[in-house]
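Only the coordinates and a few stated rules stand behind these numbers; no lab work does. For clarity, every value in this text was computed on a predicted model and none was experimentally measured. Methodologically, a virtual Cβ is constructed for each residue, glycine included, from the backbone with ideal geometry; neighbour enumeration extends over all protein chains shown.
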Amino acid sequence: MEHLFGKSAYEGVVIGSVYVENNTTEKDDADDIPVYDIQSEKEKLDMALESAISSLEGLKTGLTGEIEKKDLDIIDAHLLLLKDPVYIKDIEVYIEKNLKRADKAVKDVTEKYLGLFKKIDSPIYRQRELDIKDVSNRLLDILRSDEENHKILDGKILVTREIYPTELLKIYKEKIALKGIVMEYGGETSHVAILAKALKIPTLMGVDNIFAHQWNGDIILDTTEDNSCVILNPDENEIEKYTKKQEKMARRIRKINECANLPAITKDGVEINLYLNIGDSERHSDDDVDKSTVEGVGLLRTELIYMKSSEFPSEEKQLYIYREILKDFSRDQSIVIRTLDIGADKQLSYFKMHSETNPFLGLRGIRFSFENEDIFKIQLRAILRLSNEKNIKIMYPMITNLDEVDRANSILDEVKDELRRENIPFNENIEVGIMVEVPSVVLMAEEFAQKIDFFSIGSNDLTQYILAADRLSETVGDMYDSFNPAVLRGIKIIKDAADKYGKKVSVCGEMAGDPRAVVALLSIGIKDLSMVETSIPMIKALIRNINYQELVLLKNELLKCGNPVKVKNLLKEKIMYLD
Ligand code: PEP
Ligand code: MG
């Protein structure tokens, strides 16, 4: 039995078999696999055989009646080959003995057969040669297509160095029931972690040297807050213990879900405003929160729309997508649309960014929009047009300097003028706010407060820039901690500046969906929180179980803490959500 520790992106307890995806293999050795991949390669082969058989059977059924039966015999011959135990066994043995991927094994074993057939001078064997070529090509197509390969993940826990957000979206779209993810890559606030949470996939991140361990048989994945780890080769006792923990979790989730559509009011009657963070029009969870029970959308991450597109989306396309995403929200609900926040870990397949040594300190967010004003203007036009239909607010990402607000607003004014000239209606009083992600905004909070309508604290980036610790890092992952008192003090400075000038302030980073962090934010006086939909029931359950006045008293103690451990210990005591 071996325990490997990491950080949780989404809580859960899962017991099951793994699929190990060793995507660190160098290109030249791409056909080679480690011993622990033998089983998954064999399973891949099984899946490919099954898939080839069912597609041929489908073809046969579809053609029956249209084509004479004897002409369909060719399909039967191929089906026989796909079920031929000798051919299949040969491929399996090849995988095992030579440690090769399934597709390489199919290719090499087929070539061996073709070589043998060639030596026999008979028309029957010429036909056999063509059949086996055809069948093996069909198998290779399946094995080499990502989509089909995803099927292997059904019901499995994926063990990988890293997985990209778009791949996770694809897996979701294909309705693959991925039970969990264990990855080497760190970063609980990375975009893949945010997505895993939205898709409710228990995910453990930042596991060191992931491929140095024996991933055989069933494993236990525990991504609950008290003990985020994975257990390899668990014994019976451990399996029993975790089965009980799973049942307890399920009971707790049921209780929490009962709060999904209830108001977010503390025991002593203080109303907290909850909003959703959304990225695209896909529905990510099955027990969706009723949209009328939240205040609106606190963060629409528009970059996901750009990332899923194959070119910069036109004004009309954006308008269409925004309408689609927001169709369940009423005209009264507040909708904050963040302008394109691209760069660093968010890239576009159709646009080559400058290569930079430190992309996180480079051309990101609003900086990209200034460099690409045409693209910015198209987005502003679409957002303004939508403001005629919904209660839309505009938010600029990665603001660093005061004059950036002026510059963005003057481009916005130009776009407004254009629309006026074209007689296109929009909300003349549209509110404009900024993300607080860069420490310079904290240090100049009062000046910024006078220029904007609202602040939205992007605690994910604010943490990384205050602490100079990469939010994706495996090496300094422990330093990246939003509970660092420096981050809390930064949030307090923004809150005070906002209060002084009568401006609104919310938090839309991952802190807003984390129960302990919510206790801290409430104590600082933040009453507007925006989070992924899957966090809403839990945060509502928390809010409904606390006394606001008690938290206010906590503020001074919290802000006096010298390190994140002290902060977390203090907060833990206050978490009274359902257990
Ligand atoms: C943040 O930085 O906290 C934030 C909400 O923006 P993103 O996670 O998209 O960078
Ligand atoms: Mg950010």
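Let me know the charge dipole size of the range 41-106 about its Cα centre in debye, to the nearest 20, where only the beta-carbon of Lys, Arg (+1) and Asp, Glu (-1) is charged.
Numbers: 11 positive and 15 negative charges, 58 e Å.
Result for the range 41-106 is approximately 280 debye, rounded to the nearest 20.
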## Note on the structure
Per residue convex hull volume, Cα only, the range 32-87, in Å³ is 82 Å³
### Query
Quick one: Cα centre-to-centre distance for the range 347-408 and the range 51-66, in angstrom?
51 Å
### HN-Hα J in Hz across the range 432-439 - Karplus 6.51, -1.76, 1.60, θ = phi - 60°, x for Gly and Pro
10, x, 10, 7, 9, 10, 10, x
### Query
What share of Cα pairs, in percent, lie more than 25 angstrom apart in the range 1-137?
45 percent
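Among 54, 136, what is the fewest-to-most ranking by other Cβ atoms within 10 Å? If you can, show how the numbers build up before the last one.
On the way: 54 10, 136 23.
The order, fewest Cβ neighbours first, is 54, 136.
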#### Entry: Cα-based radius of gyration of the range 168-240 once divided by 2.2 N^0.38 Å, which approximates compact folds
1.17
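Going by average Cβ density within 10 Å per residue, which order do the peptides 499-512, 352-365, 193-206, 437-450 take, highest to lowest? Intermediate results must be reported in sequence, preceding the final value.
Details: 499-512: 21.1, 352-365: 13.9, 193-206: 24.6, 437-450: 19.3.
Peptide ranking by packing, descending: 193-206, 499-512, 437-450, 352-365.
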### Message
Compute, for the chain, the length of the dipole vector about the Cα centre, with Cβ point charges of +1 (Lys, Arg) and -1 (Asp, Glu) only. Units Debye, rounded to 20.
### Response
1200 debye
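So which trypsin sites (Lys or Arg not before Pro) in the range 369-416 are both in a DSSP loop and have at most 10 other Cβ atoms within 10 Å of their Cβ?
Details: sites: 377, 381, 385, 390, 393, 407, 416; in loops: 390.
Here no trypsin sites (Lys or Arg not before Pro) fit, given the DSSP loop and packing criteria.
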### Message
From zero outward in steps of 10 Å, how is the percent of C-alpha pairs of the chain spread across the bins?
### Response
3, 15, 23, 23, 16, 11, 6, 2, 0, 0
### Task
Name the shape class, rounded, prolate or oblate, that the alpha-carbon gyration tensor gives for the range 368-453, where a ≥ b ≥ c are the square roots of its eigenvalues, rounded holds for a/c under 1.5, and otherwise prolate holds if a/b is larger than b/c and oblate otherwise.
prolate
### Task
Calculate the radius of gyration of the Cα atoms of the range 295-406 to one decimal place, then report Dmax, the largest Cα-Cα distance, as a whole number, both in Å.
14.2, 45
### Query
Quick one: 262, 232, fewest Cβ neighbours within 10 Å first, how do they rank?
262, 232
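Can you tell me, using C-alpha contacts under 8 Å and at least 6 residues apart, the relative contact order of the range 119-187 as a whole percent? List each step's numbers first, then the result.
Working: 47 pairs, mean separation 21.5, N = 69.
Result for the range 119-187 is 31 percent.
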### Message
Cβ neighbours within 10 Å, averaged per peptide: list 473-485, 321-333 in order, most packed at the top.
### Response
473-485, 321-333
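Could you tell me what a quarter of the Cα convex hull surface of the range 339-487 works out to, in nm² with one decimal place? List each step's numbers first, then the result.
On the way: hull surface 40.5 nm².
Result: a mean projected hull area of 10.1 nm².
So if we plug the beta-carbon distance of residue 357 and residue 61 into 1/(1 + (r/R0)^6) with R0 = 45 Å, what FRET efficiency do we get, rounded to 0.05?
Numbers: r = 58 Å, r/R0 = 1.30.
After rounding to 0.05, the efficiency reads 0.15.
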### Task
Please determine, in degrees from 0 to 90 and to the nearest 10, the orientation of helix 73-82 with respect to the longest principal axis defined by the Cα atoms of the chain, where the helix direction is its Cα long axis.
70 degrees
